[in-house]
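K.L.:
My structure is below; once you've seen it, I'll send some questions.
The values are calculated or read from the model by the stated rules, or taken from the named source; none is laboratory data. These numbers were taken from a predicted model, which means no experiment stands behind them. Glycine also receives a Cβ, built like all others from the backbone with ideal geometry; neighbour counts cover every protein chain displayed. Keep in mind that these areas ignore ligands, DNA and RNA; they rest on the heavy atoms of the full protein, side chains included. Shrake-Rupley method; radii C 1.70, N 1.55, O 1.52, S 1.80 Å.
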Amino acid sequence: MNLKNITLKTAELGPVKWEDVEKLQPGENGFICFISAEPIEKEDEEGNVKIHLLGTYIPTNFDYTPTYKEMVNFIVSKKYPNGKEQQLLRHGILNPQDEEYVAYYNDVEEITRTMKELLD
């Protein structure tokens with residue numbers, strides 16, 4: 001999922017499995033949505049190396065747990081700001097085969113699939 005125009009942050013999740021991570025969590029200024037994680041090695045006090053997860057998340061301004069559809073709308077509006085989404089939709093109305101519109105449509109479909117998998 002290409003997330004241009006969206007601020008992504010990371011947080012150490014600890015020695016957990018990705019499937020056990022709550023993808024939507026309260027954050028400092030609103031809910032955060034974890035979208036991916038990668039394993040990292042961490043050494044404990046005794047020198048033992050353990051695998052932890054470093055999660056990548058999208059900070060939001062939601063003060064409640066958003067639905068996956070609300071997250072899709074949030075991401076799309078951040079990715080296509082300042083009327084860009086409406087412009088692309090108008091292109092699609094005029095010409096459903098318009099290259100920019102088709103790319104936008106496919107991108108939104110991918111965002112929708114990803115959010116549904118993560119949050120539903």
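K.L.:
Looking only at the stretch 1-32, which residues are open to solvent by less than 40 Å² (accessible area, probe 1.4 Å) and not in a strand (DSSP E or B)?
P.N.:
Leu3, Ile6, Val21, Lys23, Gly27, Gly30
K.L.:
For the structure I just gave you, tell me whether Ile58 is of a type in the set (A, V, I, L, M), within 16 Å of the chain's Cα centre (by Cα) and under 24 Å from Leu13 (Cα atoms). Let's see the steps before the verdict.
P.N.:
Details: of a type in the set (A, V, I, L, M): yes; within 16 Å of the chain's Cα centre (by Cα): yes; under 24 Å from Leu13 (Cα atoms): yes.
So Ile58 passes the test.
K.L.:
While we're looking at this one, here's another question. Select from the stretch 2-19 the residues that are under 25 Å from Asp63 (Cβ atoms) and not β-branched (Val, Ile, Thr) and write down the one among them that is modelled with the lowest pLDDT. Even if it seems obvious, please write down each step before you answer.
P.N.:
Just the residues of the stretch 2-19 that are under 25 Å from Asp63 (Cβ atoms), to begin with: 3, 5-13.
Those still in the list that are not β-branched (Val, Ile, Thr) too: 3, 5, 8-9, 11-13.
Details: Leu3: 85, Asn5: 81, Leu8: 94, Lys9: 96, Ala11: 95, Glu12: 95, Leu13: 95.
Only one residue tops the list, namely Asn5.
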